[in-house]
Amino acid sequence: MPKDYYQILGIEKGAPKDEIKKAFRKKAHEYHPDKEGGDEAKFKEVNEAYQVLSDDTKRQQYDQFGQTFDGGGGGGFPGGGFPGGAQGMNFDDLGEMFGDMFGGAFGGGGRRTQRPRGNDILVDVELSFKESVFGVEKEVTLSKNNACDHCGGVGAEPGSKMDTCSTCDGQGFEIKVQRTLLGAMKAKATCAECSGSGEIPETKCEECHGIGLLHGRKTLRVDIPAGIEDSMKIRVRGEGESIGASGDSGDLFLRVHVREDDRFEREGFDIYYRLEIGFTQAALGSEEEIVTVDGPATLKIPAGIQSGEKLRMKGKGVPHSRGRGDQYVIVIVKTPKRLSKKQKKLMEELGLEE
């Protein structure tokens, strides 16, 4: 059945090349079969339309014959299926969008192969409440692959030269053909012989035997910033698993767990503290010693304070970029449960009803 390629891409007949390319990317992304709700048939149709309209010669031929042109085999271009056959397809734009889905970059000007990278490491770290407020330096010991100190991770004995890898001719990758639902596609894969470095040591390192890595324990001292909260993560770049000179090391992530402190509660940069006082102290006022993260402090309790009222201690909270939060003291007035006859009589004489 004749196909209207302009309608398939949702563009006008005189659309410029950049508009054709933009429409193709949008449609291809929408219908890609690897996506949830994708449509393989429509994806092939969109790609077929783009292969014709993005090529000046093929587009001119299509425009000449109008909608009677059929790119699906007998009436259009030789090769059947897509114009030019599957072997003649240009996957530059597909590689740009979907290279990661197929495990590498496509040939012919698509995305370049990314530099290999080691795995990230996640470590749990426990802090006291005070350490989370003011920050602390923590010592972390890891058991992981580290770059060999003897050769600097290159795998060569110090002083020996590096030879160009004969397998990949020093490029660090090999071109491989992958069979996909769209046909044969060229993809770049990291060279297994040189692990992507493009070089082979003339004399292998005696310590790591040419691998560039040694598995062992490594101790780091990491600064935990002031004001960090429970479940937050700290990223230490380059301290994850190493893969030697052929790539980048992963990152270390510290996941923070803050131990609860029965005396304090935190909301943002403010700290809350509960203070219990007696009926007399509440009625007459007093001075009370308060616990803060800075240490003991004296707080004046005004006469007549009610249970549940909050008193602010400015600058006694959590540090932040503009200073510090506050500590709020929640006053709880304790009503006496057992009074002597004399105390009861005095209370009745006072006649306190408020």
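The values are calculated or read from the model by the stated rules, or taken from the named source; none is laboratory data. Remember, predicted model here, so these are calculated numbers, not experimental data. Here the Cβ is made from the backbone with ideal geometry for all residues, glycine too, and neighbour counts use every protein chain on show.
Could you grab me the full set of residues in the range 238-288 that are under 21 Å from Ser307 (Cα atoms) and β-branched (Val, Ile, Thr)?
Once the filter is applied, which keeps residues that are under 21 Å from Ser307 (Cα atoms) and β-branched (Val, Ile, Thr), the range 238-288 yields Ile271, Ile277, Thr280.
Given the structure, is Thr167 hydroxyl-bearing (Ser, Thr, Tyr), at pLDDT below 85 and closer than 29 Å to Cys208 by Cβ?
Details: hydroxyl-bearing (Ser, Thr, Tyr): yes; at pLDDT below 85: no; closer than 29 Å to Cys208 by Cβ: yes.
Here the answer is no, as Thr167 does not meet what is asked.
For a quick check of your reading of the model, give me the residue pairs whose first member lies in the range 227-254 and is outside the structural domain of Glu193 (by TED's automatic domain parsing), whose second is part of a loop (DSSP other than H, G, I, E, B) and surrounded by fewer than 16 Cβ atoms within 10 Å (Cβ to Cβ), with beta-carbon atoms closer than 7 Å and at least 6 apart or on different chains.
none
Give the residues of the range 168-187 that are in a loop (DSSP other than H, G, I, E, B) and either surrounded by 14 or more Cβ atoms within 10 Å (Cβ to Cβ) or of a type in the set (Asp, Glu) (or both), sorted by residue number.
To start, the set of residues in the range 168-187 that are in a loop (DSSP other than H, G, I, E, B) comprises 168-172, 181-182.
Hits for the range 168-187 are Cys168, Asp169, Gly170, Gln171, Gly172, Leu182.
In the range 231-259, what count of residues is obtained for those that are modelled with pLDDT under 95 and either over 30 Å from Asn146 (Cα atoms) or touching a Pro at 6+ places or on another chain (Cβ under 7 Å) (or both)?
The total comes to 3.
Yes/no matrix, rows are residues, columns are (1) modelled with pLDDT of 95 or more; (2) in contact with a Cys (Cβ under 8 Å, 6 or more places away or on another chain); (3) surrounded by 10 or more Cβ atoms within 10 Å (Cβ to Cβ):
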position: Arg324; (1), (2), (3): yes, no, yes
position: Val333; (1), (2), (3): no, no, yes
position: Lys342; (1), (2), (3): no, no, no
position: Lys345; (1), (2), (3): no, no, yes
position: Glu353; (1), (2), (3): no, no, no
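For the range 277-332, which positions are acidic (Asp, Glu) and part of a loop (DSSP other than H, G, I, E, B)? Outline the logic, then answer.
Residues of the range 277-332 acidic (Asp, Glu): 287-289, 294, 309, 326.
Hits for the range 277-332 are Asp294, Glu309, Asp326.
Criterion first (outside the structural domain of Gly196 (by TED's automatic domain parsing) and either over 30 Å from Val154 (Cβ atoms) or polar (S, T, N, Q) (or both)) does Ile301 satisfy it?
On the way: outside the structural domain of Gly196 (by TED's automatic domain parsing): yes; either over 30 Å from Val154 (Cβ atoms) or polar (S, T, N, Q) (or both): yes.
So Ile301 passes the test.
Being over 27 Å from Gly323 (Cβ atoms) and out of contact with any Phe, Trp or Tyr (no Cβ under 9 Å at 6 or more places or on another chain) is the filter here; which residues of the range 226-243 pass it?
First, the residues of the range 226-243 that are over 27 Å from Gly323 (Cβ atoms): 236-243.
Residues satisfying the conditions are Arg237, Gly238, Glu239, Glu241, Ser242, Ile243.
Can you name the residue in the range 188-203 that is charged (D, E, K, R) and not in a loop (DSSP other than H, G, I, E, B) and is also nearest to Gly170 (Cα to Cα) among such residues? Walk me through how you get there before you give the answer.
Going through the range 188-203, the residues charged (D, E, K, R) turn out to be 188, 193, 199, 202.
In the following step, the residues that additionally are not in a loop (DSSP other than H, G, I, E, B) were identified as 188, 199.
Details: Lys188: 14, Glu199: 6 Å.
Ranking the qualifying residues of the range 188-203, first place goes to Glu199.
Would you tally the residues in the range 274-309 being surrounded by fewer than 16 Cβ atoms within 10 Å (Cβ to Cβ), farther than 24 Å from Gly325 by Cβ and of a type outside the set (A, V, I, L, M)?
7
Under 6 Å by Cβ, and 6 or more places apart or on different chains, what pairs join a residue from the range 298-323 that is farther than 17 Å from Ala282 by Cα with one that is of a type in the set (Lys, Arg)?
Gly315/Arg324; Gly317/Arg324
Please give the number of the condition Thr219 fails out of (1) among the hydroxyl-bearing types (Ser, Thr, Tyr); (2) exposed (fewer than 13 other Cβ atoms within 10 Å of the Cβ); (3) farther than 30 Å from Cys148 by Cα.
Here Thr219 meets the rest and fails (3).
Return the total of residues in the range 119-167 being part of a strand (DSSP E or B), hydrophobic (A, V, I, L, M, F, W, C), touching a residue at least 60 places away in the same chain (Cβ under 8 Å) and surrounded by 13 or more Cβ atoms within 10 Å (Cβ to Cβ).
We begin by selecting, within the range 119-167, every residue part of a strand (DSSP E or B); these are 121-127, 136-147, 156, 162-164.
Retained after the next criterion (residues that are hydrophobic (A, V, I, L, M, F, W, C)): 121-123, 125, 127, 136, 140, 142, 147, 156, 162.
From what's left, touching a residue at least 60 places away in the same chain (Cβ under 8 Å): 121-123, 125, 127, 136, 140, 142, 147.
Then keep just the ones that are surrounded by 13 or more Cβ atoms within 10 Å (Cβ to Cβ); that gives 121, 123, 125, 127, 136, 140, 142, 147.
Here the count works out to 8.
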